[in-house]
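The structure appears right after this line, and notes come after that.
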Amino acid sequence: MKTITHKLATTCFAAFAMATAAMADVNTPKEALDIALKNETIAAAGEKMKLYSMSSNYDGTRKRWSFSFYDGGDKTHSVSVDDKGKANYYARDKSSMRIFEDLDFSKLPAPSEVLIEDSVSKAKTALEALGFAPITDKKVYVSYYLRSEMRQKDQPYHAWQVSLPTGDGKQGKMVSFKNGKLDTIMNSSIRN
């Protein structure tokens, strides 16, 4: 009886430890993407599942990411992940978005290869180089979307945008990256 009780306690502790590890704090898009890729449906599709959009909101220490994937079928798959590691999955019909006709998704890089590591810091550095004073501890918006190059069907365009408040926080700038490289900087409104 003592052995069974000990085994049961050990099993319960191990299950609790795994659940606690799964709900660890999440701070970066890569950590959030890793959680999204572990979703049962996303993981089952393996290499077929490609990232075609991502959005994230940072508000001080609160963060949330939403990833949208496509595997070549009739549905798109989305996973939202919060800063505590909680993930929600949903699927919907792919609709008539041209992106699914214009690009061969089987030739696209894996979702983790699409990420720009530390995009917020890169955007901040670009703004500081132009004399702006970006604020990174307030509301920050990061988005990614995939489209085909204009007039060049089947040529992917990986577009990243980081919107940061500047100065007194009432105005902002949006820094855009094309295929991982700095592209444009423009004015952006910051929602309160």
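The values are calculated or read from the model by the stated rules, or taken from the named source; none is laboratory data. Model, not experiment: these values are computed from the prediction. Ideal geometry is used to build each Cβ from the backbone, glycine not excepted, and the neighbour counts take in all protein chains shown. Ligands, DNA and RNA are stripped out before the accessible areas are found, and what is left, the full protein with its side chains, is counted by its heavy atoms. Shrake-Rupley method; radii C 1.70, N 1.55, O 1.52, S 1.80 Å.
Does the range 70-92 include one or more residues that are under 17 Å from the mean Cα position of the chain (by Cα), among the aromatic types (Phe, Trp, Tyr) and more than 23 Å from Asn179 (Cα to Cα)?
There is at least one residue in the range 70-92 that is under 17 Å from the mean Cα position of the chain (by Cα), among the aromatic types (Phe, Trp, Tyr) and more than 23 Å from Asn179 (Cα to Cα).
Filter the range 92-120 down to residues that are in contact with a Pro (Cβ under 8 Å, 6 or more places away or on another chain) and more than 22 Å from Gln152 (Cα to Cα) and give me whichever is most open to solvent (accessible area, probe 1.4 Å).
My answer is Leu115.
Is it the case that some residue within the range 143-152 is assigned to a helix (DSSP H, G or I), open to solvent by 20 Å² or more (accessible area, probe 1.4 Å) and either without any contact (Cβ under 8 Å) to a residue 60 or more places away in the chain or more than 20 Å from Arg62 (Cα to Cα) (or both)?
First, pick out the residues of the range 143-152 that are assigned to a helix (DSSP H, G or I): none.
Scanning the range 143-152 turns up no residue that is assigned to a helix (DSSP H, G or I), open to solvent by 20 Å² or more (accessible area, probe 1.4 Å) and either without any contact (Cβ under 8 Å) to a residue 60 or more places away in the chain or more than 20 Å from Arg62 (Cα to Cα) (or both).
Give me the residue from the range 171-192 that is part of a strand (DSSP E or B) and aliphatic (A, V, I, L, M) and, out of that set, surrounded by the fewest Cβ atoms within 10 Å (Cβ to Cβ).
From the range 171-192, those part of a strand (DSSP E or B) are 171-178, 181-189; that's our starting set.
Next, only the ones that are aliphatic (A, V, I, L, M) stay: 174-175, 182, 185-186.
Working: Met174: 19, Val175: 27, Leu182: 15, Ile185: 17, Met186: 11.
Here the answer is Met186.
Does Asp168 fit the bill of being surrounded by fewer than 16 Cβ atoms within 10 Å (Cβ to Cβ) and either touching a residue at least 40 places away in the same chain (Cβ under 8 Å) or not in a strand (DSSP E or B) (or both)? First the steps, then the outcome.
Details: surrounded by fewer than 16 Cβ atoms within 10 Å (Cβ to Cβ): yes; either touching a residue at least 40 places away in the same chain (Cβ under 8 Å) or not in a strand (DSSP E or B) (or both): yes.
Answer is yes for this residue.
Please count how many residues of the range 9-39 are assigned to a helix (DSSP H, G or I) and either modelled with pLDDT of 50 or more or surrounded by 12 or more Cβ atoms within 10 Å (Cβ to Cβ) (or both). Even if it seems obvious, please write down each step before you answer.
Let us first name the residues in the range 9-39 that are assigned to a helix (DSSP H, G or I), namely 9-22, 29-37.
Those left that are additionally either modelled with pLDDT of 50 or more or surrounded by 12 or more Cβ atoms within 10 Å (Cβ to Cβ) (or both): 22, 29-37.
Selection size over the range 9-39: 10.
If you scan the range 110-120, which residues turn out to be touching an Asp or Glu at 6+ places or on another chain (Cβ under 9 Å) and outside any helix (DSSP H, G or I)? Give the derivation first.
Initial filter on the range 110-120 (touching an Asp or Glu at 6+ places or on another chain (Cβ under 9 Å)): 110, 112.
Hit for the range 110-120 is Ala110, nothing else.
Restricting to the range 121-142, name every residue that is touching a residue at least 40 places away in the same chain (Cβ under 8 Å), open to solvent by less than 50 Å² (accessible area, probe 1.4 Å) and assigned to a strand (DSSP E or B).
Scanning the range 121-142 gives Val140, Tyr141, Val142.
Looking only at strands (runs of 3 or more DSSP E) that fall completely inside the range 46-85, which ones have 2 or more residues that are surrounded by 22 or more Cβ atoms within 10 Å (Cβ to Cβ) and aromatic (Phe, Trp, Tyr)?
Result: 62-70.
When the range 154-165 is examined, which residues are found to be within 17 Å of Leu127 (Cβ to Cβ) and touching a residue at least 40 places away in the same chain (Cβ under 8 Å)? Working first, answer last.
The first filter runs over the range 154-165 and keeps only residues within 17 Å of Leu127 (Cβ to Cβ), leaving 160-165.
Result: Trp160, Val162, Leu164.
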